[in-house]
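Derivation of every value follows stated rules applied to the coordinates shown; laboratory data play no part. Fair warning: this is a prediction, and the values are worked out from it, not measured in the lab. Reconstructed Cβ throughout: ideal geometry from the backbone, glycine too, with neighbour counts over all protein chains shown.
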């Protein structure tokens with residue numbers, strides 16, 4: 001038998017048993033900061049204005065209280081089942097942590113009744129609220145250039161029971177496929193749709209962009225705007241509408257055989273950024289039904305991370321843009337100090353930064369749930385929009401409150417483990433309700449700064 005000098009492990013302070021306590025404890029103390037933030041920006045009052053008539057009698061909970069608990073439910077992320085509300089209803093510590101009386105906690109049945117009352121006509125109000133939140137962030141960050149991304153996000157409901165609107169998508173799964181417009185880390189507009197509705201379905205993309213651009217110029221200021229989209233939105237109607245609005249665009253086109261043949265006969269140039277090198281050629285192209293030529297860039301990457309592509313395996317793409325074509329957007333970009341966007345190198349770089357838009361969709365799926373809980377389409381639409389509002393508020397909360405301890409680009413799982421999942425004790429002292437945490441957590445999260453930030457955030461203005 002081999003000799004070992006490893007000593008047996010003995011606990012220096014062994015636990016002798018386990019008992020109940022009457023203390024008010026919570027494992028989600030970080031939600032208190034988020035609740036203070038919701039109250040501070042004043043969004044609950046706006047929700048009361050928009051949806052207050054859903055409350056039919058005084059026996060029901062105020063609409064603002066319902067939305068507060070739904071927002072906390074999504075930010076918490078412990079469960080995506082509505083039956084989880086029955087567990088939270090019995091948790092006095094959770095109720096105290098989100099500043100709600102125990103008798104005011106929602107049950108799963110009350111949540112289902114609330115969603116059943118939200119018809120599609122009311123769901124349009126959520127889009128209006130998303131626009132208001134977008135204008136609020138614009139007024140705070142004051143950008144000199146606004147870059148909007150347009151794309152769809154497939155929500156996989158293939159394994160769910162029968163759902164109204166769940167149909168096959170291009171990803172070969174059944175589900176929903178909402179159209180979403182992004183700006184930076186925020187999703188600023190969305191249309192909830194069934195899975196069969198493709199990217200450029202009907203007039204939805206054009207109408208959504210026109211409405212959003214009009215609001216930017218009316219309530220923010222006249223700044224240059226650039227829209228970028230993939231080949232699913234390659235449509236002369238969209239290009240013509242954006243040109244009429246004096247907005248720039250970068251849209252991927254379709255690789256027709258004649259375009260490839262023309263590109264191979266021209267002189268190619270190269271553009272090397274920090275982590276990628278592109279070969280490209282520039283020319284003017286006019287499709288059969290177009291009345292004018294448009295600027296086109298045929299490009300292919302030379303590297304995949306640090307691995308160089310073999311020549312026959314390089315994926316080609318063609319981009320269409322109105323930047324650098326002498327249109328009013330060129331003058332706007334030059335006056336705003338963004339003239340570099342008129343160069344081919346900046347257009348290539350700007351389009352391939354669309355990967356950040358994909359990361360927003362990935363973060364939304366990590367934050368919420370693709371599988372929606374209801375059978376009826378309007379209830380699932382309401383669930384999706386409230387999830388989207390929660391995601392917007394969560395992103396704003398990270399920027400306005402958590403910057404001292406957490407990078408704003410962190411994923412929801414990291415945010416929950418570091419900020420939300422904090423043990424706390426709620427006590428009454430000198431006529432006040434105090435949330436207590438350990439000294440290590442208090443110092444590590446710098447909770448004095450986070451509490452001050454969440455108590456006095458920038459207030460939401462209603463346009």
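Before moving on, here are some points about what is shown:
- Distance (nanometres) between label positions extended 7 Å along Cα→Cβ at residue 272 and residue 336: 3.1 nm
- Exposure proxy shown here: for 394, 320, the number of other Cβ atoms within 10 Å sets the order, fewest to most, as 320, 394.
- Spin-label pair residue 172/residue 407, simplified geometry with 7 Å Cα→Cβ offset, distance in nm: 3.5 nm
- Estimated from helical segments only, the mean residue ellipticity of the chain at 222 nm is -12000 deg cm²/dmol, where each DSSP H run of four or more residues counts as -39500 (n - 2.57).
- Euclidean distance between Cα centres, segment 100-143 to segment 180-231, Å: 20 Å
- Contour minus Cα-Cα distance for residue 446 and residue 121 (0.36 nm per residue): 112.6 nm
- From least to most packed, judged by other beta carbons within 10 angstrom and beginning with the fewest, 270, 317, 396 follow the order 270, 317, 396.
- In segment 152-309, the C-alpha radius of gyration followed by the widest Cα-Cα span (Dmax) gives 18.7, 55 angstrom.
- Take every pair of alpha-carbon atoms less than 8 Å apart whose residues are at least six positions apart; their mean separation over the length of the chain yields a relative contact order of 21 percent.
- Antiparallel bridge percentage (DSSP; both residues within segment 223-282; nearest 5): 50 percent
- Cα long-axis angle, helix 377-400 against the chain (0 to 90 degrees, to the nearest 10): 90 degrees
- With contacts taken as Cα pairs under 8 Å at a separation of at least 6 residues, segment 1-141 carries a relative contact order of 24 percent.
- Folded to 0 to 90 degrees: helix 31-41 orientation relative to the chain principal axis, Cα: 60 degrees
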